[in-house]
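Remarks on the structure that follows.
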Amino acid sequence: MGCHVRRGLPEIGFISASCHPPTAGFVYETVRTMNKRAKIFVAGHRGLVGSAIVRRLQREGYVNLVLPTYEELDLREQKKVREFFSVERPDHVFLAAARVGGILANSSRPAEFIYDNLMIQSNVIHAAWQSQVKRLLFLGSSCIYPKFAPQPMQESHLLTGQLEPTNEPYAIAKISGIILCRSYNRQYGTRYLSIMPTNLYGQNDNFSLESSHVLPALIRKFHEAKVSHSPHVTLWGSGAPKRELLHVDDMADASVFLMKLDEERFSSILSSSCEGLLNIGTGTEVTIGELAELVREIVGFKGEMIFDSGKPDGSPRKLLDVSQMKKLGWEAGIGLREGIDRTYRWFLDNLQNLRM
Ligand code: GFB
């Protein structure tokens with residue numbers, strides 16, 4: 001059976017701008033588990049995570065995906081978002097749309113990182129409540145935890161210390177999103193989870209040398225150095241910081257797993273001490289130096305690596321405690337070598353159409 005993907009918005013002229021939110025204490029429909037005909041809105045479906053979630057849903061036979069493009073629906077526009085929800089009335093929302101980027105983009109464009117994310121998530125979360133969405137997953141990032149949080153970082157470490165300065169505006173926006181979800185759950189009885197992935201990578205990543213995260217930057221730098229026979233590659237910082245990396249297909253797997261959870265287990269996450277907040281990761285970490293060595297080997301670059309100490313290191317470590325997800329029965333399945341290998345092959349197959 002084909003998948004009927006709806007991409008556009010219907011004629012705006014038919015949309016009633018008035019939307020009456022359910023009153024406090026409104027009891028949502030009892031069947032909230034996602035079924036194959038449920039109407040599903042994947043916000044950010046062209047991005048790294050959103051596109052992986054769409055691939056995953058399509059593979060599993062979900063046939064009613066609503067996927068407006070950025071040109072059709074700018075999620076920073078409150079009125080447009082409200083109209084979209086009042087017309088489409090999705091059952092389930094994966095909120096994967098965000099302004100994202102690596103360490104340099106975060107430090108050089110702080111206003112965009114806080115403003116865009118605050119607007120997108122506030123508009124979507126509020127409109128989801130107004131149109132009685134059954135379940136929503138809000139995607140954040142492990143940078144919400146304090147710079148010097150005990151390692152591995154547990155959900156309970158939220159708001160217990162100073163943030164890493166290079167991404168504070170982004171982290172503050174994402175923390176606000178978590179508190180928004182919790183507040184709507186508490187006051188209105190909504191069913192919103194906040195899921196915090198560690199550093200993600202994979203197919204459809206951003207390979208820009210200025211704004212990308214470390215892994216796509218390493219793949220591109222080593223590949224270009226190999227084909228141009230360059231004697232060395234320059235990497236940023238000291239190489240000493242540690243990072244945990246999760247393949248985006250594992251992230252999509254975790255997201256769909258959570259959205260499909262039976263009511264009892266879904267409710268147990270909302271009522272637990274972490275109040276709907278969950279870490280998603282592998283539970284293992286490598287230094288940037290080790291990561292670079294692995295990418296160099298997979299790409300087949302024989303030259304030297306130079307670390308530019310003029311560039312920031314960022315957080316020294318940010319390893320997630322993933323025991324809550326393990327208790328629910330989910331674990332990452334794609335090892336780092338296999339994930340990088342797949343990503344490099346995808347990079348080679350898509351050289352002409354890369355985001356960079
Ligand atoms: O992935 P990344 O940009 O972001 O950098 P963060 C991770 C580490 O890799 C830093 C080093 O220590 C970088 O200095 N690195 C080495 C490089 N060479 C490179 C390179 O060529 N490019 C890049 N980009 N890094 C981001 C946050 O932090 O992580 C976001 O800014 C978000 O808010 C995201 O949380 C997941 O891991 O430091």
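Only the coordinates and a few stated rules stand behind these numbers; no lab work does. Since this is a predicted model, take the numbers as computed values, not measurements. Cβ coordinates were reconstructed from backbone atoms using ideal geometry, including for glycine residues, and neighbour counts include every protein chain displayed.
Report the local net charge at residue 342: Lys and Arg +1, Asp and Glu -1, summed over other residues whose C-beta lies under 12 Å from its C-beta.
That works out to -4.
With springs only between Cα atoms under 10 Å, which of 312, 231, 110 fluctuates most in a Gaussian network model of the chain?
231
Defining a contact as two alpha carbons under 8 Å apart and six or more residues distant in sequence, what relative contact order in percent does region 239-338 show?
RCO, region 239-338: 50 percent.
Please figure out what share of the DSSP beta bridges in the chain is antiparallel and state it in percent, rounded to the nearest 5.
Given both bridge residues lie in the chain, the antiparallel proportion sits at roughly 5 percent.
Please check: in the Gaussian network model of the chain (C-alpha springs, under 10 Å), which one of 167, 64, 206 has the largest mean-square fluctuation.
64
Which percent, nearest 5, of DSSP beta bridges in region 180-291 are antiparallel?
20
Order by neighbour count: 112, 83, fewest other Cβ atoms within 10 Å first, most last.
112, 83
Among 294, 193, which comes first, second and so on when ranked by fewest other beta-carbon atoms within 10 Å?
Ordered from fewest to most neighbouring Cβ atoms within 10 Å, 294, 193 come out as 294, 193.
From the helices alone, meaning DSSP H stretches of at least four residues, give me the mean residue ellipticity at 222 nm for the chain, per-run term -39500 (n - 2.57), in deg cm²/dmol to the nearest 500.
Theoretical 222 nm ellipticity from helices: -12000 deg cm²/dmol.
Multiply the residue gap between residue 311 and residue 273 by 0.36 nm, knock off their C-alpha separation, and tell me the result in nm, one decimal place.
Gain on extension, residue 311 to residue 273, equals 9.8 nm.
Can you tell me the relative contact order of region 133-223? Whole percent, Cα pairs under 8 Å, sequence separation 6 or more.
34
Between residue 187 and residue 326, what is the label-to-label distance in nm when each label sits 7 Å out along the Cα-to-Cβ direction?
Each label point lies 7 Å from its Cα, and together they span 3.8 nm.
Which loop chymotrypsin sites (Phe, Trp or Tyr not before Pro) in region 136-207, with loop taken from DSSP, have no more than 14 other Cβ atoms within 10 angstrom of their Cβ?
The qualifying sites are 148.
Apply the Karplus curve 6.51 cos²θ - 1.76 cosθ + 1.60, θ = phi - 60°, to the phi angles in region 333-339 and return the couplings in whole Hz, x for Gly and Pro.
With the stated coefficients, region 333-339 comes to x, 9, x, 5, 4, 5, x Hz.
Residue by residue through region 53-62, which ³J(HN,Hα) values in whole Hz follow from phi under the Karplus form 6.51 cos²θ - 1.76 cosθ + 1.60 (θ = phi - 60°), with glycine and proline marked x?
Per-residue couplings from phi come out as 5, 4, 4, 5, 5, 5, 4, 7, x, 6 Hz.
Identify the trypsin sites (Lys or Arg not before Pro) of region 295-346 meeting these criteria: DSSP loop state and at most 13 other C-beta atoms within 10 Å of the C-beta.
302
So for 325, 119, 251, 356, fewest C-beta neighbours within 10 Å to most, what's the order?
Placing the least packed residue first, the sequence is 356, 119, 325, 251.
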